[in-house]
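K.L.:
Dropping a structure here in structure tokens format, bear with me for questions.
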Amino acid sequence: MSHKVSVIVPVYNAEEFLRRCVDSVLKQTYDNIELILINDGSADKSGVICDTYAEKDCRVRVVHQKNMGVSAARNAGIDLSTGDYLQFVDSDDYVDGNMTDTLVSAIERNSASLVICGYKMIDAANRECIQSNYSEKEGLYSFSEILNIFDDLCLNLVINTTWNKMYQAQIIKENSILFENNLDFGEDLSFNLEVIKKGISFEIISECLYNYIIYNNGNTLTNKKRENKYEIRKMLFEKQLALYENASQYSYQIRNLEFDYSKMLISIDILQIANNYNLKTYKSYHKKAREIRADRVLNKSINYLELKTPQEILMNSFIKKECYFLIYLFAITRQYLKESMPDLFSALKKWNQG
């Protein structure tokens, strides 16, 4: 008999797109699945929709809990799961019909601890694929070998998420690997780093089997205001480096990770953090910006970064010259255009991306 796959879906106020997600899981070509829907305190009809599916399909299990966040919901799903393999899907996304079948074949080919595939970024408005993210480095890797390409997996944004993967449930449960409830950013990456530390072998396939929905107003969780974004980014980077016990052996990979970390600070974090402040609290932003500027890795890398977009080049120039007020003005102007003039903002964003 085929091995069972537990598909865990955290659900929060998802009535608009929940049916599309659930249908895509239940229509998989791989039959031996259990779908665990964790209704995380939804205030809309999501809970009713979940119960309706459970009444119609014995493979569906539903848990209703008070709102505790996506990490707690996934952890509840892990605790309830009875499958040999674990798969995570977000309720506003959907999966290709052969995703589970393909991942099972890949994970069983060499008894891998984890299998990683690519994904498609889908425009919510026209349902067209706007970008595909995957690694071309297909194959089976040991722990030491995965470290050789870990920088590539990070740069191609395929290691940062849980929903383009399948996990051996035994590794998760025997090592008590859970999502960190105190993180609302980077919790997927943190989880994956723990799995890699405990895993033995890792299978990578280039097929893009998951559909990640991009909304015109941007992903709300990704762009959520956070005062501690820099601290979380730094913690995650240090967890990445902790994988490399023999740093000299992987100097090239570590350098690439340092460059990627520094570019995130320059082009994203220092801008998004500015949105937490107003003119009355600008001094607090100035202090935070100076703290980021003093980051050891950023100082080490800032003169060697390969900057491509106009925004990256501009921010790099401002940060080098410590023009923190100009960074602040740029950030609040950018946010104003995003909220009040979305068409102009989208046009400028496309221009910036080339």
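The values are calculated or read from the model by the stated rules, or taken from the named source; none is laboratory data. What you are looking at is a predicted structure, and each value in this text was computed from that prediction instead of being measured. Don't worry about glycine lacking a Cβ; one is built from the backbone with ideal geometry, like all the others, and counts go over all protein chains shown.
K.L.:
Within region 327-350, is even one residue modelled with pLDDT of 95 or more, closer than 18 Å to K229 by Cβ and small (G, A, S)?
P.N.:
For region 327-350, residues modelled with pLDDT of 95 or more, closer than 18 Å to K229 by Cβ and small (G, A, S): absent.
K.L.:
Of the residues that sit in region 163-189 and are among the polar types (S, T, N, Q) and either surrounded by fewer than 21 Cβ atoms within 10 Å (Cβ to Cβ) or farther than 17 Å from I116 by Cα (or both), which one is modelled with the lowest pLDDT? Can you show your working first?
P.N.:
Of region 163-189, the ones among the polar types (S, T, N, Q) are 164, 168, 170, 175-176, 181-182.
So of that shortlist, the ones also either surrounded by fewer than 21 Cβ atoms within 10 Å (Cβ to Cβ) or farther than 17 Å from I116 by Cα (or both) come out as 170, 175-176, 181-182.
On the way: Q170: 97, N175: 97, S176: 97, N181: 92, N182: 89.
Residue satisfying both the conditions and the ranking: N182.
K.L.:
Something else now. Quick check on region 241-251. Is at least one of its residues over 30 Å from E145 (Cβ atoms), modelled with pLDDT under 90 and outside any helix (DSSP H, G or I)?
P.N.:
No: zero hits.
K.L.:
While we're here: Scan region 163-176 for residues that are under 18 Å from L103 (Cα atoms) and either assigned to a helix (DSSP H, G or I) or outside the structural domain of V70 (by TED's automatic domain parsing) (or both) and jot them down.
P.N.:
Scanning region 163-176 gives A169, Q170, I171, I172.
K.L.:
For region 104-162, which residues satisfy the criterion of being within 17 Å of L243 (Cβ to Cβ), part of a helix (DSSP H, G or I) and of a type in the set (A, V, I, L, M, F, W, C)?
P.N.:
F143, I146, L147, I149, F150, L153, C154, L155, listed by residue number.
K.L.:
Note down all Cβ pairs under 9 Å where the first residue falls in region 177-205 and is assigned to a helix (DSSP H, G or I), the second is basic (K, R), and they're at least six residues apart or on different chains.
P.N.:
Matching pairs, first to second residue: E187/R74; L189/K239; S190/K239; F191/R74; N192/K165; L193/K239; E194/K239; V195/K165.
K.L.:
Any residue that is farther than 13 Å from L265 by Cα, touching a Ser or Thr at 6+ places or on another chain (Cβ under 7 Å), not in a helix (DSSP H, G or I) and not β-branched (V, I, T) - is there at least one of those in region 333-349?
P.N.:
Looking for residues that are farther than 13 Å from L265 by Cα, touching a Ser or Thr at 6+ places or on another chain (Cβ under 7 Å), not in a helix (DSSP H, G or I) and not β-branched (V, I, T), one finds none in region 333-349, hence no.
K.L.:
If you don't mind, another one. When you scan region 333-353, how many residues do you find that are basic (K, R) and touching a residue at least 24 places away in the same chain (Cβ under 8 Å)?
P.N.:
Number satisfying all stated conditions: 2.
K.L.:
Taking region 272-287 only, how many residues are among the β-branched types (V, I, T) and assigned to a loop (DSSP other than H, G, I, E, B)? Break it down into steps so the answer makes sense when it comes.
P.N.:
Initially, region 272-287 is screened for residues among the β-branched types (V, I, T), giving 273, 281.
Then keep just the ones that are assigned to a loop (DSSP other than H, G, I, E, B); that gives none.
Residues that pass the stated criteria total 0.
K.L.:
Let me spell it out: the conditions are (1) in contact (Cβ under 8 Å) with a residue 60 or more places away in the chain; (2) crowded, with 20+ Cβ neighbours inside 10 Å, and S262 meets all of them except one. Which number is the exception?
P.N.:
It fails just one condition, (1).
K.L.:
Right, another one. For region 16-60, give me each residue that is closer than 17 Å to D90 by Cα and of a type in the set (A, V, I, L, M).
P.N.:
L18, V22, V25, L26, I33, L35, I36, L37, I38, I49, V60
K.L.:
What are the residues in region 303-332 that are touching a residue at least 24 places away in the same chain (Cβ under 8 Å), within 23 Å of L257 (Cα to Cα) and part of a loop (DSSP other than H, G, I, E, B), if any?
P.N.:
Result: Y304, L305, E306, L307, K308, T309.
K.L.:
Does region 288-302 hold any residues that are surrounded by 11 or more Cβ atoms within 10 Å (Cβ to Cβ) and part of a helix (DSSP H, G or I), and which are they?
P.N.:
Within region 288-302, K288, A289, R290, E291, I292, R293, V297, L298, N299, K300, S301 meet the criteria.
K.L.:
Pull up region 92-122, narrow it to residues that are under 17 Å from the mean Cα position of the chain (by Cα) and more than 22 Å from I172 (Cβ to Cβ), then point me to the one that is surrounded by the fewest Cβ atoms within 10 Å (Cβ to Cβ).
P.N.:
Filtering first and then ranking leaves M121.
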